[in-house]
Amino acid sequence: MENNNNSHDQYGRKVMKDVSLQELRERLVEFSRVRGWDQYHSPRNLLLALVGEVGELSEIFQWKGEVARGLPNWTSDDKEHLEEELSDVLLYLVQLADVCGLDLGQAALTKIVKNAQKYPVTKPT
């Protein structure tokens, strides 16, 4: 049975569809190809677009002060706007990694391992 957008787990968190970076990359490649946008998708242009989208994402939080996890005081419209801006950032990041010939998923996993080595768990004494 497929989850609809209103499905939540036992903790009240929205149930997410597992979407791979590969699927996003493939859809973005096709989206750009059929529109003839490939010519504009240089690493520099994609990075600048990504930075612009991060700015738009930042504006959402700019004057809100601290925000509680789960955004309990946000309207559904505010949450939808946040989803859109987060998606824009993700999609440009996936495209940037792709045009640079990088495996973003593997790079992220490698970075988690490096961070674990750099910041080992310390046990209280």
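Residue 76 meets the conditions (1) under 26 Å from residue 25 (Cβ atoms); (2) free of Cβ contacts under 8 Å to residues at least 24 places away in the same chain; (3) small (Gly, Ala, Ser) in every case but one. The failed one is (1).
The one condition from (1) open to solvent by less than 100 Å² (accessible area, probe 1.4 Å); (2) in a helix (DSSP H, G or I); (3) within 24 Å of residue 102 (Cβ to Cβ) that residue 39 does not meet is (1).
Do we have residue 67 as more than 16 Å from the chain's Cα centre (by Cα), open to solvent by less than 60 Å² (accessible area, probe 1.4 Å) and within 25 Å of residue 8 (Cα to Cα) here? Here the answer is yes, as residue 67 does meet what is asked. Residues in the range 15-36 that are among the basic types (Lys, Arg) and surrounded by 13 or more Cβ atoms within 10 Å (Cβ to Cβ): 2 in all. Note on the range 42-75: residues that are touching a helix residue (DSSP H, G or I) at 6+ places or on another chain (Cβ under 7 Å) and in a helix (DSSP H, G or I) total 10. Filter the range 49-60 down to the residues that are open to solvent by 80 Å² or more (accessible area, probe 1.4 Å) and under 16 Å from the mean Cα position of the chain (by Cα) and list them by number. The one that is open to solvent by 80 Å² or more (accessible area, probe 1.4 Å) and under 16 Å from the mean Cα position of the chain (by Cα): 51.
The values are calculated or read from the model by the stated rules, or taken from the named source; none is laboratory data. A quick note: this is a predicted structure, and the numbers were derived from the prediction, not measured. Note that we place each Cβ from the backbone using ideal geometry, even for glycine, and neighbour counts take in every protein chain shown. What goes into the accessible areas is simple: the full protein's heavy atoms, side chains included, and nothing from ligands, DNA or RNA. Shrake-Rupley method; radii C 1.70, N 1.55, O 1.52, S 1.80 Å.
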